[in-house]
1. What do you reckon, is residue 13 in contact (Cβ under 8 Å) with a residue 40 or more places away in the chain, part of a helix (DSSP H, G or I) and surrounded by 15 or more Cβ atoms within 10 Å (Cβ to Cβ)?
2. If residue 94 satisfies every condition in (1) under 26 Å from residue 5 (Cα atoms); (2) at pLDDT 85 or above; (3) surrounded by 12 or more Cβ atoms within 10 Å (Cβ to Cβ) but one, which is the exception?
3. Pull up the range 16-56, narrow it to residues that are outside any strand (DSSP E or B), touching a strand residue (DSSP E or B) at 6+ places or on another chain (Cβ under 8 Å) and within 20 Å of residue 80 (Cα to Cα), then point me to the one that is modelled with the lowest pLDDT.
């Protein structure tokens, strides 16, 4: 991501937290790739902002497939989100909920 894109992503995260009345704070930038960027939070969680709507659907579908195969906690040392994948949806702020 370019610096302007990071600023835009951070604004989307801020909007997402504000819309939900959350006091969650961004702690550290964890990384980015072709589809988006990830930040850690003060709640020992991470939040990902995706660049394109298609990226959201690809990721949601991957979580749903993992759940179908019974992978609900970890895969190859990577944590799988705890929330029920069928409940993930795109929010107005453009992030996963």
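1. Working: in contact (Cβ under 8 Å) with a residue 40 or more places away in the chain: yes; part of a helix (DSSP H, G or I): yes; surrounded by 15 or more Cβ atoms within 10 Å (Cβ to Cβ): yes.
Criteria met by residue 13.
2. Of everything listed in (1) under 26 Å from residue 5 (Cα atoms); (2) at pLDDT 85 or above; (3) surrounded by 12 or more Cβ atoms within 10 Å (Cβ to Cβ), residue 94 misses just condition (2).
3. 35
The values are calculated or read from the model by the stated rules, or taken from the named source; none is laboratory data. Quick caveat, the model's predicted, so the values are computed rather than measured. So basically every Cβ, Gly included, is an ideal-geometry build from the backbone, and we count neighbours across all protein chains shown.
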